Amino acid sequence: MSAAAPGTSKAAHGDVAAKKKKGPGALATAYLVIYNVVMTAGWLVIAVGLVRAYLARGSYHGLYYSIEKPLKFFQTGAILEVLSRVFLTWAVTHSVREVQSEDSVLLFVTAWTVTEIIRYSFYTFSLLNHLPYLIKWARYTFFIVLYPMGVTGELLTIYAALPYVQKTGLYSVTLPNKYNFSFDYYTFLILIMISYIPLFPQLYFHMIRQRKKVLGHAEDYSKVE
Amino acid sequence: MRSTPMIYCRRSVEILDAKTKDKLCFLDKVRTYTISFHHDPQWYPARQSIRLDPKGKSLKDEDVLQHLPVGTTATFYFRDLGAQISWVTVFLTEYTGPLVIYLMFYFRVPFIYAPKYDFTTSKHWVVHLACMCHSFHYVKRLLETLFVHRFSHGTMPLRNIFKNCTYYWGFAAWMAYYINHPLYTPPIYGEQQIRLALIVFLFCQIGNFSIHVALRNLRPPGSKTRKIPYPTKNPFTWIFLLVSCPNYTYELGSWLGFTLMTQCLPVAFFTLVGFIQMTVWAKGKHRSYLKEFRDYPPLRSPILPFVL
């Protein structure tokens, strides 16, 4: 799995949203700082998980297996989230001007923003080993509304972009040409929308299961904190 | 992998499940035994992996208990490799697909292109040539699978056939769609380009075949011995001086030739992806040659002379 830990999505989102207003330069530097801090945070979380598992078990045996599932899941989920956000921001919202004033854009941007604020507070506090129960609760509860909200916003935005893409042939290549290749962005967007159907429920129900597991141990954790 | 250790002295053998560490069976004061599970036909030998360490490599069929690093009670770990399928079956299936699929596009079977083009043929002669080359390539592969290759492992996991067929069949359809398209554009440099491409393609097909024959001759029938391959009298094998896996080198060359011949971007993609995969395999093979043979020729690279 790649090192694209939880940090990347916020960095990508923050970077990309600001890129639309100003040029690079000072922003690139800010992005790098944020990116590095957040990457560190993300991997520290995994590390903390490993150390806790080691202390609980008393040996290295099976340590990887204790964090394997969440690691794989969050890496894949994180990558999907990153890809979907970069795609939505650049390949849809930025590229199709007509879509930028749609309410659906506000919908997913709000969802992403609130999610990320909560998520990164969660990581920061975890690092400091002083995680207020409220933050943990928020992280594992707000997604119930924010996930569907974000997905709805994203799907509506893509859907709104479709007629313009078809009319203008945006990012599309037709035959004949000397490379004997073609690409229909309109069909591609439809396939993307369809791919949400298997992906979104899996992620969503995994988060629900995580919530039961994490918040189920609320009494133990609040004693430790 | 089926483990059939022949035991000549008094030892005890216990076999544990590699994952759960449950004791599956215990053999006391064993004399002469071949170990494999025959109780349940579901657990055919090809899917049994018996090993000394739960996460280690499987023992081979030929391994002898006496020579293994075990104490008076030998502990083995059993792992189920899952449903297996023979290499021959996989190869035949994955190569027949592209052959048939390409021809369907070539003959412009209905529902692919606009109805007015159904069962028409392309007016460009390079399209006919490309069809012959593509078909020749896969017929060659099928015949090699049946008559030339000697496989070290009999089987591979069943899920591989779905993965492999998706790859081969998918790419074949994607390439064939554009090459046989009514709006196909022939190569920019015309006959010169096509002729050069054909020469490269044929040269590499012969080369690839020569290597397969040379590798086959390294190994007597039915044996699984491994030897260092060397150049033979056939000039196409002289590339062994510079490369460990020249079969992959020639395969890359063939597809580069086909890309040049068709001037088609999907073909270039297919060539690139294949090259990446073959490089991974070549590096692995090269590494295992180096590990196994002290006197392995130092001049050789895995797949591209001096480069990769």
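The values are calculated or read from the model by the stated rules, or taken from the named source; none is laboratory data. Here the structure is a predicted model, which means the values were calculated and not measured. Cβ placement follows ideal geometry from the backbone for every residue including glycine, while neighbour counts extend to all protein chains displayed. All accessible areas refer to the heavy atoms of the entire protein, side chains included, with ligands and DNA or RNA removed. Shrake-Rupley method; radii C 1.70, N 1.55, O 1.52, S 1.80 Å.
Does the stretch B:99-113 hold any residues that are in a loop (DSSP other than H, G, I, E, B), open to solvent by less than 50 Å² (accessible area, probe 1.4 Å) and not β-branched (Val, Ile, Thr), and which are they?
B:ARG108, B:PRO110, B:TYR113
Could you check how many residues of the stretch B:157-186 are facing another protein chain (nearest Cβ under 9 Å) and more than 22 Å from A:LYS178 (Cβ to Cβ)?
Number satisfying all stated conditions: 0.
Going through the stretch B:80-94 one residue at a time, which ones are open to solvent by 20 Å² or more (accessible area, probe 1.4 Å), in a helix (DSSP H, G or I) and either in contact with a strand residue (DSSP E or B) (Cβ under 6 Å, 6 or more places away or on another chain) or touching a residue at least 60 places away in the same chain (Cβ under 8 Å) (or both)?
B:TRP87, B:VAL88, B:THR89, B:THR93
Take B:PHE147 and decide whether it is under 30 Å from B:ALA214 (Cβ atoms) and touching a Phe, Trp or Tyr at 6+ places or on another chain (Cβ under 7 Å).
On the way: under 30 Å from B:ALA214 (Cβ atoms): yes; touching a Phe, Trp or Tyr at 6+ places or on another chain (Cβ under 7 Å): no.
No.
Can you tell me which condition B:PHE105 does not meet? The list is (1) under 15 Å from the mean Cα position of the chain (by Cα); (2) at pLDDT 95 or above, and all the others hold.
For B:PHE105, the failing item is (1).
Identify, please: which residue in the stretch B:163-198 is among the aliphatic types (A, V, I, L, M) and out of contact with any helix residue (DSSP H, G or I) (no Cβ under 9 Å at 6 or more places or on another chain) and is, among those, farthest from B:VAL100 (Cα to Cα)? I'd like the intermediate steps shown before the answer.
First, pick out the residues of the stretch B:163-198 that are among the aliphatic types (A, V, I, L, M): B:172-173, B:175-176, B:179, B:183, B:188, B:194, B:196-198.
Still in the list and also out of contact with any helix residue (DSSP H, G or I) (no Cβ under 9 Å at 6 or more places or on another chain): B:183, B:188.
On the way: B:LEU183: 22, B:ILE188: 29 Å.
Residue satisfying both the conditions and the ranking: B:ILE188.
Report, by residue number, each residue of the stretch A:77-108 that is among the aliphatic types (A, V, I, L, M) and either open to solvent by 30 Å² or more (accessible area, probe 1.4 Å) or not in a helix (DSSP H, G or I) (or both).
Our first condition is that a residue be among the aliphatic types (A, V, I, L, M); within the stretch A:77-108, this holds for A:78-80, A:82-83, A:86, A:88, A:91-92, A:96, A:99, A:105-107.
Within the stretch A:77-108, A:ILE79, A:LEU80, A:LEU83, A:VAL86, A:VAL96, A:LEU106, A:LEU107 qualify.
Within the stretch B:249-269, track down each residue that is open to solvent by less than 20 Å² (accessible area, probe 1.4 Å), within 18 Å of A:PRO176 (Cβ to Cβ) and in a helix (DSSP H, G or I).
Result: B:MET261, B:THR262, B:PRO266, B:VAL267.
More than 14 Å from chain A (Cβ to nearest Cβ) and among the basic types (Lys, Arg): does that describe B:LYS123?
Working: more than 14 Å from chain A (Cβ to nearest Cβ): no; among the basic types (Lys, Arg): yes.
Taking the combined requirement at face value, the residue does not satisfy it.
Quick check: anything in the stretch B:192-212 over 30 Å from A:PHE181 (Cβ atoms), assigned to a loop (DSSP other than H, G, I, E, B) and away from every other protein chain (no Cβ under 14 Å)?
No, that holds for no residue.
Could you tell me whether the stretch B:187-199 includes any residue that is open to solvent by less than 40 Å² (accessible area, probe 1.4 Å) and either closer than 24 Å to B:PHE119 by Cβ or among the charged types (D, E, K, R) (or both)? Walk me through how you get there before you give the answer.
In the first step, residues of the stretch B:187-199 are kept if they are open to solvent by less than 40 Å² (accessible area, probe 1.4 Å); the result is B:187, B:190, B:193-194, B:197.
Now drop any that are not either closer than 24 Å to B:PHE119 by Cβ or among the charged types (D, E, K, R) (or both), which leaves none.
Among the residues of the stretch B:187-199, not one is open to solvent by less than 40 Å² (accessible area, probe 1.4 Å) and either closer than 24 Å to B:PHE119 by Cβ or among the charged types (D, E, K, R) (or both), which makes the answer no.
Give me the pairs, please: first residue somewhere in the stretch B:254-278 and within 13 Å of chain A (Cβ to nearest Cβ), second residue anywhere and outside any helix (DSSP H, G or I), beta-carbon distance under 6 Å, and either six or more positions apart or on two chains.
Here the result reads B:GLN263/B:PRO187; B:CYS264/A:ASN180; B:LEU265/A:TYR179; B:LEU265/A:PHE181, each pair linking the stretch B:254-278 to a residue that is outside any helix (DSSP H, G or I).
Looking at the stretch A:165-185, I want the residues that are closer than 14 Å to A:SER95 by Cβ and more than 14 Å from chain B (Cβ to nearest Cβ) and have a partner that is open to solvent by 80 Å² or more (accessible area, probe 1.4 Å) and part of a loop (DSSP other than H, G, I, E, B) with Cβ atoms under 9 Å, at least 6 apart or on another chain. Which pairs are those?
As it stands, the answer is A:VAL165/A:TYR171; A:TYR185/A:TYR171, since those pairs meet every condition given.
Can you find a residue in the stretch A:207-225 that is away from chain B (no Cβ under 14 Å) and within 26 Å of A:GLU98 (Cβ to Cβ)?
Looking through the stretch A:207-225, none of the residues is away from chain B (no Cβ under 14 Å) and within 26 Å of A:GLU98 (Cβ to Cβ).
So B:TRP238 fits all but one of (1) surrounded by fewer than 16 Cβ atoms within 10 Å (Cβ to Cβ); (2) touching a helix residue (DSSP H, G or I) at 6+ places or on another chain (Cβ under 7 Å); (3) more than 14 Å from chain A (Cβ to nearest Cβ); what number is the exception?
(2)
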